[in-house]
Amino acid sequence: MLITLGLDSQFALLETVVTAILDRFPQLRNSKIWVVLCVSIFGFAFGLLFCCEGGVYILQLMDTYAASYSVILIALIECILISWVYGAERFLKDIERMIGVQSKLWKWTWMFVWKFACPSTLGFILIFNWLEYEPIKYGVYVYPPWANFLGWILALLPITAIPIAAGYKLHKLRKTGQPLLRRITLLLRPAIDWGPAHKRQAMNRRTPGPSECSNAPSEMTKNSTSNFLNPAFSRVYSFETQM
């Protein structure tokens, strides 16, 4: 049972890491086997630390800090951004474009879960964990203060990527001369080409050059019968049905 539980957990974790790498570097998708191999070797080598004599103390440290606070906080931020900033209604429409139109009960159920149930539950768990916090110990062994400090670094390290990326994007928009609040509003909007990947690629293939700009509207709508509605800007793009 433990072997089966560990294997299916590893499948999900490994696929998550590999998918993130391939999404960030699409040119590696043709070499997915090598990406999986490299990730597996790296994970195996790093996991050897927990097999040493003091590995159980490292495992307890990472399990207490790295696998609790950061995961819950990131999940809470994702729920708030998706359900309240981007909009649960828009997100449901994106899903319906992939699986088809669903019933109203299905929509209301998921809207309630994403907008109220998940954020409140995650917020309660996070606050409860903070209130019940005490320095880590394993059996009769009490970890030294520097170990708890290292644990908080492990807990906050994944979260720091969010403000760092946000600060970098805000800094890049400074050249536009717009106020800070306006830049934040722009960054919270989806990109203009947001939508299904195959239709976005078709739109990029059909983007007219400078010499074709005058004829672009008629050429883009010619022999096209399917439309993609951008949920963020209410713009309609037309594509050929043959993809």
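The values are calculated or read from the model by the stated rules, or taken from the named source; none is laboratory data. As the structure is a computational prediction, the values presented were derived from the model and not from experiment. FYI the Cβ positions are ideal-geometry reconstructions off the backbone, even for glycines, and counts take in every protein chain you see. For accessibility, only protein heavy atoms count, side chains too; no ligands or nucleic acids. Shrake-Rupley method; radii C 1.70, N 1.55, O 1.52, S 1.80 Å.
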### Query
Somewhere in region 203-222, is a residue modelled with pLDDT of 50 or more, open to solvent by less than 60 Å² (accessible area, probe 1.4 Å), assigned to a helix (DSSP H, G or I) and farther than 20 Å from Gly87 by Cβ?
yes
### Query
Which of the residues spanning region 173-197 are of a type in the set (D, E, K, R), in a helix (DSSP H, G or I) and either touching a Lys or Arg at 6+ places or on another chain (Cβ under 9 Å) or at positive phi (or both)?
Arg174, Arg183
## Note on the structure
Residue pairs within 9 Å by beta carbon, gap of at least six or interchain, first lying in region 32-50 and within 12 Å of Val17 (Cα to Cα), second aliphatic (A, V, I, L, M) and open to solvent by 80 Å² or more (accessible area, probe 1.4 Å), listed first then second, are Gly43/Leu13
#### Entry: Residues that are open to solvent by 60 Å² or more (accessible area, probe 1.4 Å) and within 30 Å of Ile136 (Cα to Cα), drawn from region 13-49
Leu13, Thr16, Val17, Phe42, Phe44, Phe46, Leu48, Leu49
#### Entry: Single match in Trp114, Trp110, Trp106 (criterion: aromatic (Phe, Trp, Tyr), surrounded by fewer than 14 Cβ atoms within 10 Å (Cβ to Cβ) and at negative phi)
Trp106
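Inspect region 84-101 for any residue being part of a loop (DSSP other than H, G, I, E, B) and either within 20 Å of Pro158 (Cβ to Cβ) or at pLDDT below 90 (or both) and give the result as yes or no.
Going residue by residue through region 84-101, those that are part of a loop (DSSP other than H, G, I, E, B) are 100-101.
Within this subset, residues satisfying the condition of being either within 20 Å of Pro158 (Cβ to Cβ) or at pLDDT below 90 (or both) are 100-101.
There is at least one residue in region 84-101 that is part of a loop (DSSP other than H, G, I, E, B) and either within 20 Å of Pro158 (Cβ to Cβ) or at pLDDT below 90 (or both).
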### Message
Looking at region 158-183, I want the residues that are under 15 Å from Leu73 (Cβ atoms) and touching a residue at least 12 places away in the same chain (Cβ under 8 Å) and have a partner that is of a type outside the set (Gly, Ala, Ser) and not in a helix (DSSP H, G or I) with Cβ atoms under 6 Å, at least 6 apart or on another chain. Which pairs are those?
### Response
none
### Query
When you look at Leu188, is it modelled with pLDDT under 90, among the aliphatic types (A, V, I, L, M), open to solvent by 80 Å² or more (accessible area, probe 1.4 Å) and in contact with a helix residue (DSSP H, G or I) (Cβ under 7 Å, 6 or more places away or on another chain), yes or no?
yes
### Residue check, Ser68 touching a residue at least 40 places away in the same chain (Cβ under 8 Å), open to solvent by less than 40 Å² (accessible area, probe 1.4 Å) and among the polar types (S, T, N, Q)
yes
### Task
Given the conditions (1) among the small types (Gly, Ala, Ser); (2) closer than 18 Å to Gly151 by Cα; (3) without any contact (Cβ under 8 Å) to a residue 40 or more places away in the chain, report the number of the one that Ser83 does not fulfil.
(2)
### Task
Name every residue in region 130-149 that is part of a helix (DSSP H, G or I) and more than 16 Å from Ser68 (Cα to Cα), in order of residue number.
Pro145, Trp146, Ala147
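For region 109-129, how many residues meet the condition of being touching a residue at least 12 places away in the same chain (Cβ under 8 Å) and either over 20 Å from the mean Cα position of the chain (by Cα) or not in a helix (DSSP H, G or I) (or both)?
Filtering region 109-129 down to residues touching a residue at least 12 places away in the same chain (Cβ under 8 Å) leaves 110-111, 114-115, 118-119, 122-123, 125-126, 129.
Restricting the remaining residues to those that are either over 20 Å from the mean Cα position of the chain (by Cα) or not in a helix (DSSP H, G or I) (or both) gives 125, 129.
Number of matching residues: 2.
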